[in-house]
Amino acid sequence: MRISPRACRGRPPVVLLAVCAAVLTLPSIPAEARAGGGAPGDRPGAAGPAGGGSVTSLPLAGGRLLVGRTARRFELLGVGWDGPARALAGGTVRVRVRDAASGAWSGWHELDADGEDGPDTAAATAVGHAPRGATAPLWTGPSDGVAVEVTPGPAGPPPGLRVALVDPGEGVRPAGARSTPADPTSGSPADPTSGGRRTGHQAPRPGIVTRAGWGADESIREPGFEYTGPVRAVFVHHTATTTAYPCSDAPRLIRAIYEYHVRSNGWRDIGYNFLVDRCGTVYEGRAGGTDLPVHGAHTLGFNTDSAGVAAIGTYVTDLPPADLLTGLARIAAWKLGLTEQDAAGTTRLVSGSDGSLYPAGTGAVFQAVSGHRDGFNTECPGDALYPRLPELRTAAAGLQGR
């Protein structure tokens with residue numbers, strides 16, 4: 001995902017599809033605009049357990065933003081629509097928010113209007129959902145007001161335009177292990193003839209915070225799992241959320257992205273297979289088993305035979321911390337090592353979408369550890385992180401004993 005945090009400057013007047021909205025501080029909100037209440041961006045079914053988050057969908061129609069009445073605060077937002085992911089290609093989406101504590105309004109932030117993440121086919125979305133498009137989300141922190149400005153692209157405004165306001169909640173605390181400890185013996189089995197040393201090139205498993213550990217509301221995702229072929233490539237992303245976060249807030253950020261991907265975008269689950277925070281902690285992403293080839297929704301066209309690992313933050317100009325790079329190397333080394341894929345090598349993948357850099361059905365050679373931009377026209381994982389991938393490959397290969 002990506003977001004340009006630049007305030008728009010010197011733009012000529014345009015016809016706006018949506019304009020500044022009123023502050024969202026009234027006492028109630030109509031049921032049809034709540035998550036779980038049947039709004040276009042909502043997931044059908046019963047409300048989740050206590051501690052779960054929510055998504056409030058507000059329509060953008062008629063040249064203005066129709067504001068629902070709510071006292072609920074939000075911490076992440078995005079703009080979605082019905083139909084193809086690239087329906088707003090060539091257009092612009094700008095938002096600004098009001099800080100819930102100070103009442104001050106932010107500057108304008110431009111959201112990426114091209115659908116660069118997501119499943120390769122509609123069949124990989126949640127059951128009962130037609131294809132949807134959405135911008136990259138923006139982490140706002142605690143906010144209680146929003147303004148949106150949309151300028152359609154050449155195709156005109158898509159139907160069902162809406163802004164999704166995400167409250168990550170306090171996290172559900174289901175039964176289950178909150179983390180899987182690191183296991184230095186979990187690589188290739190020891191060869192009795194080698195004095196007990198590991199053989200092969202399976203790297204040790206890093207410690208992984210489970211979905212229970214970051215408070216996932218399991219009731220909102222699809223109950224089944226999808227699997228791909230053996231993982232032969234890892235695509236590195238950044239979440240395009242705030243970089244200046246305490247690592248204790250990483251679970252909150254992950255819950256907000258999860259809510260957005262499922263309730264607003266209509267995906268089966270969070271798109272990434274793993275996430276890594278600035279302190280190097282690795283988190284389980286899409287459900288189905290960290291050691292299994294879970295089919296994600298992270299790199300349009302190349303979700304098959306790959307895993308998506310997201311660095312939490314925006315690394316366009318902010319430098320990735322050393323601990324973050326270490327965490328990325330550890331999870332890439334372990335995940336690729338499960339199939340004996342050399343982390344410093346290359347592999348061939350076949351595109352599953354014309355929306356990628358390669359037409360559907362076209363084969364392409366990738367580094368085993370690649371950036372999102374290698375498969376899609378995007379700046380992700382950022383100009384500050386992408387140049388570090390060569391050293392990340394070297395470090396991951398070293399962990400594999402190569």
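Structure above, values below:
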| quantity | calculated |
| --- | --- |
| Quotient of C-alpha Rg and 2.2 N^0.38 Å, computed over the stretch 179-399 | 0.97 |
| Efficiency of FRET between Ala155 and Trp105 - r from beta-carbon atoms, R0 45 angstrom, step 0.05 | 0.90 |
| Mean Cα-pair separation over length for the stretch 346-402, i.e. relative contact order, pairs under 8 Å, 6 or more apart, % | 24 percent |
| Interchain or long-range residues, amide H under 5 Å from Glu226's placed H | His295 |
| Antiparallel %, DSSP beta bridges [both residues in the stretch 179-399], to 5 | 50 percent |
| Residue-wise HN-Hα coupling along the stretch 335-350, computed from phi with Karplus coefficients 6.51, -1.76, 1.60 (Hz; x: Gly, Pro) | 5, 6, x, 4, 10, 6, 7, 5, 5, 9, x, 10, 8, 10, 10, 10 |
| Anisotropy class of the stretch 296-402 from Cα gyration tensor, a/c 1.5 cut | oblate |
| Pairwise FRET efficiency - Arg402 versus Thr228, Cβ, R0 = 30 Å, nearest 0.05 | 0.80 |
| Full-stretch length increase - Glu391, Ser179 - with 0.36 nm per residue and alpha-carbon distance subtracted | 73.5 nm |
| Euclidean distance of C-alpha centroids, the stretch 268-295 and the stretch 79-93, integer Å | 27 Å |
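Every number here is computed from the coordinates shown, using simple stated rules; none is lab data. All values derive from a computational prediction rather than experimental measurement. Don't worry about glycine lacking a Cβ; one is built from the backbone with ideal geometry, like all the others, and counts go over all protein chains shown.
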